[in-house]
1. May I ask you to derive the relative contact order of the chain, considering only C-alpha pairs under 8 Å and at least 6 residues apart, and to give it as an integer percent?
2. With a Förster radius of 56 Å, plug the Cβ-Cβ distance of residue 432 and residue 280 into 1/(1 + (r/R0)^6) and report the FRET value to the nearest 0.05.
3. Given +1 on the Cβ of Lys and Arg, -1 on the Cβ of Asp and Glu, and no further charges, what dipole in debye does region 296-404 carry about its Cα centre, rounded to the nearest 20?
4. With every protein chain kept in place and ligands, DNA and RNA left out, what is the accessible area per residue of the chain? Probe 1.4 Å, answer in Å².
5. Can you order the peptides 299-306, 409-416, 114-121 by their average number of other Cβ atoms within 10 Å per residue, highest first?
6. What whole number of Å gives the distance from the Cα centroid of region 23-63 to the Cα centroid of region 219-281?
7. What does the helix-only formula give at 222 nm for the chain: each DSSP H stretch with n ≥ 4 adding -39500 (n - 2.57), the total divided by the residues, and the result rounded to the nearest 500 deg cm²/dmol?
8. Any chance you could count the Lys pairs in region 70-220 whose alpha carbons are under 21 Å apart, treating pairs 8 or more apart or on different chains as valid?
Amino acid sequence: MTQKDIQNRIAAQRTFFSQNTTREYRFRMDQLSCLAKAIRAYEKPLANALHADMKKPAFEAFTSEIAVPLLDISFTKKHLKRWMKPTRYKKTALSPFAKAQTIPEPRGNVLIIAPWNYPVHLALLPLVSSIAAGNCSLIKPSEITPETSQVLTQMIAEYFDPGFITCVEGAVQETQWLLEEQYDYIFFTGSTHVGKIVMRAAAKHLTPLTLELGGKCPVIVGADANINQAAKDIIWGTCANAGQTCVAPDHVLVHQSQKDAFIAACKTHIHTLYGKDPQKSPDYARIVSDSHFDRLVGLLEGQDIVCGGTHNKKERYIAPTLVSPKGKNPKIMQEEIFGPLLPIISFSQTKEVVAHIQSHPSPLAIYLYAKKSITKDMIIPHTKSGAVSVNSVLSYTAHPGLPFGGVGDSGFGAYHGKHGFDAFTYTRTIYTQNRPQRSAFRFPPYSAKTLGLVKKLFRI
Ligand code: NAD
């Protein structure tokens, strides 16, 4: 696609939005139904493409890529009428006869940039919110999962007017061309590094944006945790999608009294979930690209491998691997891992955990496995993160009522359900003065008498 083609698509979307069709409740509902129909019709081709790109297991393809946008569509359709209603505000002493309200207005023309790790989910979930909010959307899927991007583009082209929704496939060059243009909103999901590039481009046009970025999500396993349950959850969270999940457990801080038991339980659950040889498991995905494979193998260099560590470049397979970090601040403890490697370190006092989290950029999630309230008393008030999840990993992201987003380096803004509708709309104030004569005192010439009156009003 040339730069000119991109500019033409954007122009077509501007024309479509200016016709005002997308504002109508009925139109939004119909388009949400149309998206659900498209996803159902393309369920198999999308699952096949996800398998071709990263050997995504069929179960994970359905639960994490197909079902999530479908659930969000049905949640959104159930509540959309209410979300679109104006909010009325009480009268005040200074405006006793004015009708004060706000209405959620569509932003207009929106750019959605998606990453590769959940290439369907992370392109379509923002789209659900964008349709619900009454916008026209241009989606840029990731080039790192080419098969999925191609099927997604075909699906959108078959079901939607390109003026309303369109996909532009491409890599860095095409994304840069896209970012040269002006939008009313940008929704970016990806790395912190590229998030900064997107924000710089948005700043040129003062375009508001949401940044859904990455980070290192720590898991704390307390002395009183249910070790077996914690290990099973954490191994699942680390190995689902081969660890290529923005909210995957990145590393574990386990109380020293439980370290050996926790490692033993993790080893057991690698086998119970993925068999003696995970390479043969149909439930275990592959690393998305050679460069990510090389990066992950590089992170293991010089580290103590507690379990796993085997890999096969031809297949882009890396075994579920437990690591005991070695050396002063090794790379595996600095950068987001984004693969099936799990460093485990021990602590003796909760204040060490707090110091560890405070010394890193704020993550999307902090996971806590503990029975007592060390969690609430010590960790929550002294740290920052997009979410805190207690005795569970990943699952909080599937609750359609909860906002999903980061803080600091893991991004800003949130979406899912109503929070997505809010992100893709702006709040417009509508103030209607019904009895203008009552406010006549505000006009000059001012007098000491009216000033006294106003002062009295302010005291009220
Ligand atoms: P990425 O930042 O490399 O790419 C994201 C998108 O930006 C892609 O569409 C890509 O084509 C585009 N892009 C890449 N380089 C660019 C450049 N120089 N200029 C303009 N556009 C560019 O991210 P990724 O590798 O696709 O995804 C992995 C990252 O995304 C991880 O850090 C992960 O934590 C994060 N992530 C966050 C969430 C979340 O919801 N917070 C979800 C999934 C992934």
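The values are calculated or read from the model by the stated rules, or taken from the named source; none is laboratory data. These figures come from a predicted structure and were not determined experimentally. Cβ: placed from backbone, ideal geometry, glycine included. Neighbour counts: every protein chain shown. For the accessible areas, the whole protein counts, side chains as well, though only heavy atoms, and no ligand, DNA or RNA atoms are used. Shrake-Rupley method; radii C 1.70, N 1.55, O 1.52, S 1.80 Å.
1. Working: 873 pairs, mean separation 85.5, N = 460.
Normalised by residue count, the contact order of the chain is 19 percent.
2. According to the calculation, E is roughly 0.20.
3. Values: 11 positive and 7 negative charges, 17 e Å.
So the magnitude is around 80 debye.
4. Per residue, the chain has an accessible area of 46 Å².
5. On the way: 299-306: 15.8, 409-416: 21.9, 114-121: 25.4.
So the order, starting with the most tightly packed, is 114-121, 409-416, 299-306.
6. 30
7. On the way: 14 runs with 180 residues, N = 460.
Helix contribution divided over all residues of the chain: -12500 deg cm²/dmol.
8. Numbers: 77/85; 85/99; 90/99; 91/99; 140/196; 140/204; 196/204; 196/216.
Eligible lysine pairs with Cα atoms under 21 Å apart amount to 8.
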